[in-house]
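What follows is one structure encoded as structure tokens, with my remarks underneath.
The values are calculated or read from the model by the stated rules, or taken from the named source; none is laboratory data. Keep in mind the model is a prediction, meaning the values are calculated, not measured. Here the Cβ positions follow ideal geometry from the backbone for every residue, glycine too, while neighbour counts run over all protein chains shown. Surface accessibility is based on the protein's heavy atoms, side chains included, excluding ligands, DNA and RNA. Shrake-Rupley method; radii C 1.70, N 1.55, O 1.52, S 1.80 Å.
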Amino acid sequence: MAPGLLAQVLRQLPTVEDDNLLTAAIPFADAGVYRISADCALVQSVDFFTPIVDDPRSYGRIAAANALSDVYAMGGRPLTVMNLVGFPACLEQEVLVEILKGGAEKISEAGAVIVGGHTIEDDEPKYGLAVTGLVDPARLITTAGARVGDQLVMTQPLGTGILATALKGEVITTEQMAGAIRDMETLNRTASDVMLQVGVNACTDITGFGLLGHALELAGASRIGVEIDSAALHIYPRVMELAAIGLVPVGSYRNREHYLPHVVNREQVTPELVDILADPQTSGGLLMAVAADKLAELTRLLAAAGCDAFPIGRVVADHPGAMRVD
């Protein structure tokens with residue numbers, strides 16, 4: 001759903017008052033966190049979507065990794081999951097088997113347990129997970145902790161939405177986006193472990209609202225401004241070329257409409273770069289805000305653990321809740 005429409009709907013709902021709902025006062029939290037004891041809280045999230053690749057098992061792996069990501073972004077550990085399935089009666093049963101096998105692979109890798117699920121007949125396949133995890137409230141990482149002077153670090157390149165659109169349009173092949181597919185299938189578990197070890201101040205995962213939306217949500221929740229160094233962004237091969245010919249997903253236009261007004265120098269940002277910043281990512285990497293004196297340790301440990309680490313900008317006191325792209 002478009003972020004603007006979603007915001008209009010949510011603001012009409014009653015607020016929940018419960019001292020144990022730790023995310024009640026945290027804008028744009030990646031998951032709900034409910035305290036059950038002094039040193040333990042539940043982390044709960046849900047996500048599902050239609051296929052973005054042709055191979056059913058790969059689709060299952062990507063959808064599961066994406067659904068698990070919110071728990072990792074908050075420093076949690078997935079515990080149990082429930083499968084969510086929409087499936088057309090006209091498709092072969094083996095397709096659904098392969099989707100669920102792919103999801104099970106990632107769930108097992110995460111150390112979580114499948115406890116059930118729910119299926120419905122639908123016009124097109126949909127798959128994802130409802131995830132419950134655990135976190136120590138003292139180690140909870142949210143969107144609200146970024147501090148002026150922090151450095152912004154990403155753990156995955158941009159452009160999966162544009163590549164998936166090109167794949168559906170048969171402009172590129174599966175082989176040409178193999179690197180992006182491999183990244184989308186990768187759990188954010190290792191990156192989460194490293195950020196907990198180092199001690200970052202804030203984190204979010206980059207998914208449907210793109211880097212543009214999720215970085216702005218972090219800025220709004222932390223009441224700071226963010227500055228992005230466009231030259232430091234890592235972008236998958238061919239994405240810039242595809243954006244230049246207008247091959248972008250519908251979600252990019254929705255993100256641009258809602259979030260671009262909060263970019264203070266938007267007139268100076270090229271249309272192609274706007275499309276990439278607004279590109280809705282599927283199972284994207286983490287965006288972390290880390291103190292400047294911990295940046296070298298964070299990037300070193302991420303690299304040693306086999307994760308990408310791209311410093312892409314900084315947290316500033318200017319233009320709180322907004323972004324500048326240089």
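Name the residue that is most open to solvent (accessible area, probe 1.4 Å), counting only residues in segment 45-66 that are in contact (Cβ under 8 Å) with a residue 60 or more places away in the chain and charged (D, E, K, R).
54
When the residues of segment 1-30 are filtered to those that are touching a residue at least 60 places away in the same chain (Cβ under 8 Å) and in contact with a Ser or Thr (Cβ under 8 Å, 6 or more places away or on another chain), which remaining residue is surrounded by the most Cβ atoms within 10 Å (Cβ to Cβ)?
Ranking the qualifying residues of segment 1-30, first place goes to 30.
So which residues in segment 230-252 are over 19 Å from the mean Cα position of the chain (by Cα), of a type outside the set (Lys, Arg) and closer than 19 Å to residue 173 by Cα?
237, 240, 241, 242, 243, 244, 245, 246, 247
Does at least one position in segment 67-77 carry a residue that is surrounded by fewer than 20 Cβ atoms within 10 Å (Cβ to Cβ), at negative phi and out of contact with any strand residue (DSSP E or B) (no Cβ under 8 Å at 6 or more places or on another chain)?
no
Scan the strands (runs of 3 or more DSSP E) fully inside segment 246-326 and keep the ones with 2 or more residues being closer than 22 Å to residue 29 by Cα.
286-290, 310-316
So in segment 31-43, with the set limited to residues that are surrounded by fewer than 19 Cβ atoms within 10 Å (Cβ to Cβ), touching a Pro at 6+ places or on another chain (Cβ under 9 Å) and hydrophobic (A, V, I, L, M, F, W, C), which one is nearest to residue 70 (Cα to Cα)?
The selected residue is 40.
Are there any pairs, at least 6 apart or on different chains, whose C-beta atoms fall under 8 Å, with the first in segment 149-162 and under 13 Å from residue 181 (Cα atoms) and the second assigned to a strand (DSSP E or B) and open to solvent by 10 Å² or more (accessible area, probe 1.4 Å), and if so, which?
From residues that are under 13 Å from residue 181 (Cα atoms), the pairs are 157/235; 157/310; 158/235; 159/235.
Select from segment 234-264 the residues that are surrounded by 16 or more Cβ atoms within 10 Å (Cβ to Cβ) and hydroxyl-bearing (Ser, Thr, Tyr) and list them in ascending order.
Within segment 234-264, 236, 252, 259 meet the criteria.
State all residues of segment 199-221 that are among the aliphatic types (A, V, I, L, M) and closer than 18 Å to residue 156 by Cβ; if no residue qualifies, say none.
Hits for segment 199-221 are 200, 202, 206, 211, 212, 215, 218.
Quick check on residue 231: is it of a type in the set (Gly, Ala, Ser), assigned to a helix (DSSP H, G or I) and loosely packed, with under 15 Cβ neighbours inside 10 Å?
yes
Which is touching a strand residue (DSSP E or B) at 6+ places or on another chain (Cβ under 9 Å), in a loop (DSSP other than H, G, I, E, B) and modelled with pLDDT under 95, of 30, 54?
Of 30, 54, the one residue that is touching a strand residue (DSSP E or B) at 6+ places or on another chain (Cβ under 9 Å), in a loop (DSSP other than H, G, I, E, B) and modelled with pLDDT under 95 is 30.
Being surrounded by fewer than 23 Cβ atoms within 10 Å (Cβ to Cβ) and not in a loop (DSSP other than H, G, I, E, B) is the filter here, so list the residues in segment 185-196 that pass it.
Correct list: 189, 190, 193, 196.
List the pairs whose first member sits in segment 222-249 and is under 14 Å from residue 157 (Cα atoms), whose second member is open to solvent by 40 Å² or more (accessible area, probe 1.4 Å) and of a type in the set (S, T, N, Q), and whose Cβ atoms are under 9 Å apart, counting only residues at least 6 apart or on separate chains?
Hits for this filter: 230/270; 237/176; 238/176.
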